[in-house]
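The values are calculated or read from the model by the stated rules, or taken from the named source; none is laboratory data. Here the structure is a predicted model, which means the values were calculated and not measured. Quick reminder, even Gly has a Cβ in these numbers, built from the backbone with ideal geometry, and neighbours come from all protein chains shown. Just the protein is used for accessible areas: all its heavy atoms, side chains included, with ligands, DNA and RNA removed. Shrake-Rupley method; radii C 1.70, N 1.55, O 1.52, S 1.80 Å.
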Amino acid sequence: MILALCAGFLSGVLGFVPLYGANEYARRSSITNSSTYLALFFAAFVLSFAILAGSASLCLIFARRSVVLPFVLAEFFALVVIAILYSVRKLLRR
């Protein structure tokens with residue numbers, strides 16, 4: 001169970017990486033077209049969802065059924081907490 005929680009946390013953090021990368025790329029580049037900006041974040045969102053859904057599917061296929069729920073909950077809470085901490089850090093730096 002502890003292994004499932006740790007793996008879920010790691011998967012949640014990895015799910016945030018595309019969103020972070022898109023934000024940093026958009027901040028450093030000179031994107032003037034809003035559709036390009038939105039397309040970048042939509043692609044990052046789809047990639048993030050693919051990482052999260054793929055790891056949850058792999059957990060469902062290869063692990064016991066009793067560890068799937070803790071894995072998915074750890075994944076979800078890790079993604080939410082990382083996103084909140086990143087947003088608060090960005091807010092406080094301004």
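Principal-axis analysis of the Cα atoms of the chain puts helix 2-28 at an angle of about 10° to the longest axis.
Per residue, the chain exposes an accessible area of 71 Å² to a 1.4 Å probe, with every protein chain left in place. Once the Cβ-Cβ distance of residue 66 and residue 41 is raised to the sixth power relative to R0 = 35 Å, the FRET efficiency obtained is 0.45. Estimated at 0.36 nm per residue, the fully extended path between residue 53 and residue 28 surpasses their Cα-Cα distance by 6.1 nm.
Ordering 40, 91 by accessible surface, largest first, gives 91, 40; the 1.4 Å probe counts only protein heavy atoms, with every chain in place. On segment 30-94, 75 percent of the accessible area sits on carbon and sulfur atoms, based on a 1.4 Å probe. In the chain, Cα pairs under 8 Å separated by at least six residues give a relative contact order of 51 percent. Annotation: peptides 24-36, 6-18, ranked by per-residue average of other Cβ atoms within 10 Å with the highest first, follow the order 6-18, 24-36.
Grab the DSSP H runs of the chain that are 4 residues or longer, score each as -39,500 (n - 2.57), total them, divide by all residues and round the 222 nm result to the nearest 500 deg cm²/dmol. Using -39500 (n - 2.57) per qualifying helix, the result is -31000 deg cm²/dmol.
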